[in-house]
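Written below as structure tokens is the structure these notes are about.
The values are calculated or read from the model by the stated rules, or taken from the named source; none is laboratory data. Since we're looking at a predicted model, the values are computed, not measured. Here Cβ is always computed from backbone atoms with ideal geometry, including for glycine, and neighbour counts include all displayed protein chains. With ligands, DNA and RNA removed, areas are computed over all heavy atoms of the protein, side chains included. Shrake-Rupley method; radii C 1.70, N 1.55, O 1.52, S 1.80 Å.
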Amino acid sequence: KVPSAQDMDFLAAGIEAVDPARAGPMAPSLRDGEKISLLPTAMPTDEEAQQLREHDPDRLRQVERLVLPLAQLTRCPQRIRALRLAAQAEMLHDNLQGRLQNLQNACDALRDSMALRRFLRTVAKLGSWINSSDPEMEKGFAVSSALGKLRLFRAVREDKAVSLLHIAILAAAGAEVPVVQRLCSSLALELEALDRVAREDLADLEQAIRQFAAEEAWLLQECEHAEYSLGVRARLRAVHQEQLLQLRQQLEEAYGLLQPRLSETLSYFAEGQTPSVEAAAEQLLK
């Protein structure tokens, strides 16, 4: 398939970006990570590259002349990987930073919600009353053992849509309908931040941050490869120092500050036998 004029323009820009003779700033058209990911599809195979190098450049077609510089480059896949990192680093960082901030906001909402405190006091009284009715049970209970189960206990006769959760809300509001409405509105408003983390996967988030750090470490090592010219090394170092290094440090700092706050918040709501923070988050937020 013969590339279109637009394809050839982008290919030319790609060739310019990975050309070892250039070490200037990245072309604006190459800040699109999706387009850069398509660049390897224009790369010649080893056999094609060998044939291109053996032919007289003056006898090559325009498309082949565009591809020829790629055939003459060393470590071209690694250059394109670095180019993609430079284009996508800020977007990936902002996405991960946003997820961390959402978790921080959720922790703050859970700790600061006055409506939730009011409701939890009622739940605690209810749980203590239930446990104290059994002489073999000690008074007191884990908050999580009730929060996730109140809605499971439903009326057995006429209105089965009514659950123990409704009764607990009604009790927290002193059995006054206007107060119930205000309490529910306050809960919805004060705990709005939980909606954004309800489907958050903490293990996936941690892995994504580690992967970002691994890419930064790879680029740092790639900067010193002996096959690169001084110009290429300078460009790769600039990408590493000005983008990847700073963004990686920001992510790790933000994640380090979040972890103790997240663990402290979730441990309050999770039962003692909860095996991990991830399980506690799933129990609380979903």
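Quickly run through the range 167-179 and pick out the residues that are farther than 16 Å from Lys125 by Cβ and crowded, with 17+ Cβ neighbours inside 10 Å.
none
Scan the range 229-244 and tell me whether some residue there is within 20 Å of the chain's Cα centre (by Cα) and either modelled with pLDDT of 80 or more or at negative phi (or both).
yes
Residue by residue through the range 180-207, note down the ones that are exposed (fewer than 15 other Cβ atoms within 10 Å of the Cβ) and assigned to a loop (DSSP other than H, G, I, E, B).
Ala198, Arg199, Asp201
Would you mind finding the one in Ser144, Ser128, Ser132 that is open to solvent by less than 60 Å² (accessible area, probe 1.4 Å), at pLDDT below 90 and closer than 28 Å to Arg199 by Cβ?
Numbers: Ser128 fails: closer than 28 Å to Arg199 by Cβ; Ser132 fails: closer than 28 Å to Arg199 by Cβ.
Just one listed residue meets the conditions, Ser144.
Of the residues Ala226, Ala217, Ala234, which single one is of a type outside the set (Val, Ile, Thr) and closer than 23 Å to Asp94 by Cβ?
Exactly one residue qualifies, and that residue is Ala217.
Do we have Gln211 as open to solvent by 70 Å² or more (accessible area, probe 1.4 Å), at pLDDT 85 or above and in a helix (DSSP H, G or I) here? So that I can check it myself, show each step before the final result.
On the way: open to solvent by 70 Å² or more (accessible area, probe 1.4 Å): yes; at pLDDT 85 or above: yes; in a helix (DSSP H, G or I): yes.
So Gln211 fits the description; yes.
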